[in-house]
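Single-structure report; data block below.
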Amino acid sequence: MRRIVSSIIILLFLTVLTAQSEDVVSDFESTKFKAEQGDALAQYILGLYYEDGQGVIQDYEEAVKWYRLAAEQGNAVAQNNLGFCYKDGEGVIQDYEEAVKWIRLAAEQGNEVAQNNLGLCYEHGEGVIQDYKEAYKWYLLAYSGSSLDYYGLLSGAKYRVKKELTQSKIEGAIIEAKEIEKGWE
């Protein structure tokens with residue numbers, strides 16, 4: 001799912017860059033220049049270039065470097081991708097707790113993909129103690145703001161977790177999710 005969203009974002013960014021220049025090398029260099037100047041979006045996009053090997057040799061360590069720079073500036077998509085690098089051990093030593101740290105930062109900003117990913121961490125006990133109520137809460141948040149249901153996967157995840165909970169825990173998760181949503185208004 002992260003790769004689908006990342007691909008859409010990079011395509012949009014490349015469309016904008018292509019309108020300015022027909023030269024792919026120039027697009028990469030332009031993005032790199034902006035990234036080196038501290039532009040968080042360009043840093044994130046440069047991370048995608050390196051992670052996906054688009055226009056450059058695939059280099060996960062370089063991707064992590066750029067994701068981290070963007071993530072430290074609060075870019076939620078970069079935070080989620082950096083979290084996944086830690087989760088998968090791409091460009092860094094695998095560290096589930098560090099993965100959750102970055103994914104949570106993105107989820108708390110309202111990033112739906114990160115909310116879904118945080119739900120998965122809680123559902124499977126990766127980097128956190130397994131907690132179906134927390135998983136359900138994050139799935140609710142991801143689902144509530146989403147125009148897509150991730151091809152039905154999110155509904156399935158909510159159902160899987162919900163069947164593990166008592167009614168009072170379900171109600172508690174709903175209340176907590178609504179409280180978080182209020183903070184975003």
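Quick notes
- Between Glu36 and Gln54, the simple spin-label model (points 7 angstrom out along Cα→Cβ) gives 2.2 nm.
- Placing a label point 7 Å from the Cα of Asp95 along the Cα-to-Cβ direction, the residues of the stretch 51-66 with a backbone N closer than 14 Å are 64-65.
- Gained length - Gln167 relative to Ser26, 0.36 nm times residue gap less alpha-carbon distance: 45.1 nm
- For Glu164, net neighbour charge (Lys/Arg +1, Asp/Glu -1) across residues whose Cβ lies under 14 Å away: +4
- In terms of distances greater than 18 angstrom between alpha carbons, the cross-link table entries Lys87/Lys169; Lys87/Lys178; Lys137/Lys163; Lys65/Lys87; Lys133/Lys162 yield Lys87/Lys169; Lys87/Lys178.
- Per-peptide packing, taken as the mean over residues of other Cβ atoms within 10 Å, places 30-36, 68-74 in the sequence 68-74, 30-36 from highest down.
Every read-out reported here was derived from the displayed coordinates using simple, explicitly stated rules and does not represent laboratory data. The structure presented is a predicted model; accordingly, all values stated were derived computationally and were not measured. Neighbour counts are summed over all protein chains in view; Cβ atoms, including those assigned to glycine, are modelled from backbone coordinates with ideal geometry.
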